[in-house]
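Here's the structure we're looking at; comments come further down.
The values are calculated or read from the model by the stated rules, or taken from the named source; none is laboratory data. The shown structure was predicted, so the numbers you read here are calculated from the model rather than taken from an experiment. Heads up, the Cβs are rebuilt from the backbone with ideal geometry, glycines too, and the neighbour counts pull from every protein chain shown.
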């Protein structure tokens, strides 16, 4: 616990110093970081790389979790609505791609994605419109129920492939630009392995890395829009609704409409990640969308610090990556994951990286308390 | 439709027995929610531990079918005692480890849910890994009958063979049906009276109504919360035995779906409301049975959730409203 907080303090200090740097240096550091992210799967860095499963595939899973967490963060973090059935939108996105690309039509993947995203958005509005008037905990159980309804409908509907799902889902169109060799660390130091290369954006079956690259690009686009919307009037309306719905309503914020918007946007991003998942997997079945996944998504958001973009990205990485990295302890990992969630909740109740507003709110609370105790220095 | 009409009474009786189990588990959710405003996600695990310890106790006593009546009664009593004690202890331990530290730090409500989810995973995995855990002490061979097949369904010895007692129109009501329904209703009456009349019950209601005012009036909040978890756990333990008598098998993750259903029942009746949980449980059990008879058993869970959504649309606080605090003194 102590070690953890000191490392956190140190990172904070480092970030503080980074803030003082001139702008070109900052841009250069970010650019380097982005390049590093893209290069991650071919670098094969020993400790990070998962020994028991394909590292490219694991990275892709991590990126889908990040994408889903970004979407769910709008619902849970910004608007403060607890959604325990988020996997439903993920499933709607994936199945739209499956149905239009393989089961009932043969559209190419790129054409199915916009339809999938819109379908998820419509599903979000359909679910949100009647249920968003309910209070928090009721919303949680209704969304949970909705997630289950979607999954059971998928199992029982032969039109949607039934329990065996849909096969031969179209893959994203390939675009062969250049090949990147992998690094080989087996001798202890890195050697460029020319026999093992990945072609940039060639979407095949065996090599998962191009999917990771695609998902990464999508994430950057989503983060860009997420940042803009959070700092806009809409973002402020969400914050007001989350903090005090009645007060927001009195101040002229149409809270219901904004909640619905948050729900729809969350569903949109959920559908997008579902479409990516279907395109990579090439095969989808109801088993890919269990209730547990919804809970893991919420865990990713809350673990990182709901409402903080960097936090939830970290949370998604923690939730998706560690179980894969420690696959050799397969049997014990869920147990360890559960214990870790509890420890985290107890020792960092605001999440790994708490959102700025809670820090601000905390200071306000402290001030108020000081006033009440009569110990305020400047009162 | 014809199927529903032909089997109306058998569907009704099985629906009521199922609903009784839901209702007992739902009480645990509703009590904790009323006092703490917290969805105790790990309550399903409290129930699951009850099923396992009850099963082990019967195995230990050599329970088998066709025994004499005093022996059967003895086994069932032991099952109840063991399951209620274990579930109660697991629930209290859960509160101590997973929730109390959070409460002391004024954590946001969402993070309590994460702690609850973590605890739920950890508890159910501990049971799923029981063969490995026993292996650490070199006991996995010796205790094979108890810890073997850790990831599969395990069956409890059938100590009470269902025998028809009387007939409603065309359905023969068995002794198990009667035991489950009467037992569950008895438990609920005891609980209801406990919360309404006893001193501790008054404390529970006071904390549910206004925690701060209750604390000012000298109610020991931590103690009340502990008692609430204990009572909820005991109810889950009783539900576990009824479940075993009715269904006969259990598994390390058996609590999950039942927990979701029971929580649905609690919300259906109005969470925080004891009688609501009772009504919600029975309504859910019946609706599931009728619904699956109408449109097919594979849609059973869909019926339950659709019913919940429809009822919440028209009565946003459940059938009876939320009122653990408001019950008359």
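Results, tabulated for the structure shown:
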{"quantity": "The listed residue being within 14 Å of another protein chain (Cβ to nearest Cβ), surrounded by fewer than 21 Cβ atoms within 10 Å (Cβ to Cβ) and at negative phi, out of B:314, B:263", "calculated": "B:314"}
{"quantity": "Every pair of residues 6+ apart whose Cβ atoms lie under 9 Å, when the first sits in region A:113-125 and is at negative phi while the second is outside any helix (DSSP H, G or I) and crowded, with 18+ Cβ neighbours inside 10 Å", "calculated": "A:113/A:172"}
{"quantity": "Meets criteria (in contact with a strand residue (DSSP E or B) (Cβ under 6 Å, 6 or more places away or on another chain), within 23 Å of residue A:218 (Cβ to Cβ) and at pLDDT 80 or above) for residue A:115", "calculated": "no"}
{"quantity": "Test for residue A:275: is it away from chain B (no Cβ under 14 Å), touching a residue at least 24 places away in the same chain (Cβ under 8 Å), buried (at least 21 other Cβ atoms within 10 Å of the Cβ) and in contact with a helix residue (DSSP H, G or I) (Cβ under 6 Å, 6 or more places away or on another chain)", "calculated": "yes"}
{"quantity": "Qualifying positions in region B:83-105 - free of Cβ contacts under 8 Å to residues at least 60 places away in the same chain and touching a helix residue (DSSP H, G or I) at 6+ places or on another chain (Cβ under 6 Å)", "calculated": "B:98, B:101, B:102"}
{"quantity": "Inter-residue pairs, beta-carbon under 8 Å, first in contact (Cβ under 8 Å) with a residue 40 or more places away in the chain and away from chain A (no Cβ under 12 Å) and in region B:286-308, second surrounded by fewer than 22 Cβ atoms within 10 Å (Cβ to Cβ) and not in a helix (DSSP H, G or I), 6+ apart", "calculated": "B:293/B:7; B:294/B:1"}
{"quantity": "Where a residue in region B:205-224 is in a loop (DSSP other than H, G, I, E, B) and its partner, wherever it lies, is surrounded by 15 or more Cβ atoms within 10 Å (Cβ to Cβ), with Cβ under 6 Å and at least six apart", "calculated": "B:219/B:203; B:219/B:206"}
{"quantity": "Of all residues in region B:294-316 being in a helix (DSSP H, G or I) and out of contact with any helix residue (DSSP H, G or I) (no Cβ under 9 Å at 6 or more places or on another chain), the one that is farthest from residue B:16 (Cα to Cα)", "calculated": "B:314"}
{"quantity": "Criterion (part of a loop (DSSP other than H, G, I, E, B) and either surrounded by fewer than 24 Cβ atoms within 10 Å (Cβ to Cβ) or at positive phi (or both)) met by exactly one of B:272, B:291", "calculated": "B:272"}
{"quantity": "Meets criteria (in contact with a helix residue (DSSP H, G or I) (Cβ under 7 Å, 6 or more places away or on another chain), in a helix (DSSP H, G or I) and away from chain B (no Cβ under 11 Å)) for residue A:71", "calculated": "yes"}
{"quantity": "Of all residues making up region A:42-81, the number that are touching a strand residue (DSSP E or B) at 6+ places or on another chain (Cβ under 9 Å) and within 14 Å of residue A:277 (Cβ to Cβ)", "calculated": "0"}
{"quantity": "In region A:189-224, the residues that are within 29 Å of residue A:69 (Cα to Cα), modelled with pLDDT under 75 and in a loop (DSSP other than H, G, I, E, B)", "calculated": "A:200, A:201, A:202, A:204, A:205, A:206"}
{"quantity": "Some residue of region A:299-314 being at pLDDT 85 or above, away from chain B (no Cβ under 14 Å) and outside any helix (DSSP H, G or I)", "calculated": "no"}
{"quantity": "Candidates A:144, A:100 - the one that is surrounded by 21 or more Cβ atoms within 10 Å (Cβ to Cβ) and either at pLDDT below 85 or within 9 Å of another protein chain (Cβ to nearest Cβ) (or both)", "calculated": "A:144"}
{"quantity": "Any hit, region A:151-165, residues being touching a strand residue (DSSP E or B) at 6+ places or on another chain (Cβ under 6 Å) and either more than 11 Å from every other protein chain (Cβ to nearest Cβ) or closer than 30 Å to residue B:296 by Cβ (or both)", "calculated": "yes"}
{"quantity": "Among (1) under 21 Å from the mean Cα position of the chain (by Cα); (2) within 12 Å of another protein chain (Cβ to nearest Cβ) - the single one residue A:118 does not satisfy", "calculated": "(2)"}
{"quantity": "Residue within region B:129-151 that is under 21 Å from the mean Cα position of the chain (by Cα) and either within 14 Å of another protein chain (Cβ to nearest Cβ) or surrounded by fewer than 19 Cβ atoms within 10 Å (Cβ to Cβ) (or both) present", "calculated": "no"}
{"quantity": "Some residue of region B:249-257 being farther than 20 Å from residue B:39 by Cα and within 14 Å of chain A (Cβ to nearest Cβ)", "calculated": "yes"}
{"quantity": "Conditions (1) more than 10 Å from chain A (Cβ to nearest Cβ); (2) within 19 Å of residue B:240 (Cβ to Cβ); (3) touching a helix residue (DSSP H, G or I) at 6+ places or on another chain (Cβ under 8 Å); (4) part of a helix (DSSP H, G or I); number of the one not met by residue B:124", "calculated": "(1)"}
{"quantity": "Lone unmet requirement of (1) modelled with pLDDT under 85; (2) more than 11 Å from chain B (Cβ to nearest Cβ); (3) within 30 Å of residue A:162 (Cα to Cα) for residue A:270", "calculated": "(1)"}
{"quantity": "Criterion: in contact with a helix residue (DSSP H, G or I) (Cβ under 7 Å, 6 or more places away or on another chain), away from chain A (no Cβ under 12 Å), surrounded by 19 or more Cβ atoms within 10 Å (Cβ to Cβ) and closer than 19 Å to residue B:254 by Cβ - qualifying residue of B:59, B:79", "calculated": "B:79"}
{"quantity": "Among (1) farther than 28 Å from residue B:161 by Cβ; (2) more than 14 Å from chain A (Cβ to nearest Cβ); (3) crowded, with 20+ Cβ neighbours inside 10 Å - the single one residue B:114 does not satisfy", "calculated": "(2)"}
{"quantity": "Residue satisfying condition, being within 11 Å of the chain's Cα centre (by Cα), more than 24 Å from residue A:155 (Cα to Cα) and more than 10 Å from every other protein chain (Cβ to nearest Cβ), within set B:241, B:231", "calculated": "B:241"}
{"quantity": "Hits in region B:92-108 - residues which are at the interface with chain A (Cβ under 9 Å from one of its Cβ atoms), within 15 Å of residue B:42 (Cα to Cα) and either modelled with pLDDT under 80 or surrounded by fewer than 17 Cβ atoms within 10 Å (Cβ to Cβ) (or both)", "calculated": "B:97"}
{"quantity": "Number of the exception - residue B:19 against (1) surrounded by 24 or more Cβ atoms within 10 Å (Cβ to Cβ); (2) out of contact with any helix residue (DSSP H, G or I) (no Cβ under 8 Å at 6 or more places or on another chain)", "calculated": "(2)"}
{"quantity": "Meets criteria (more than 14 Å from every other protein chain (Cβ to nearest Cβ), over 25 Å from residue A:127 (Cβ atoms) and modelled with pLDDT of 85 or more) for residue A:317", "calculated": "yes"}
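A quick yes/no check of all residues on (1) buried (at least 19 other Cβ atoms within 10 Å of the Cβ); (2) in contact with a helix residue (DSSP H, G or I) (Cβ under 9 Å, 6 or more places away or on another chain):
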site: B:171; (1), (2): no, yes
site: B:175; (1), (2): no, no
site: B:184; (1), (2): yes, yes
site: B:193; (1), (2): no, yes
site: B:197; (1), (2): no, no
site: B:201; (1), (2): yes, yes
site: B:207; (1), (2): yes, yes
site: B:211; (1), (2): no, yes
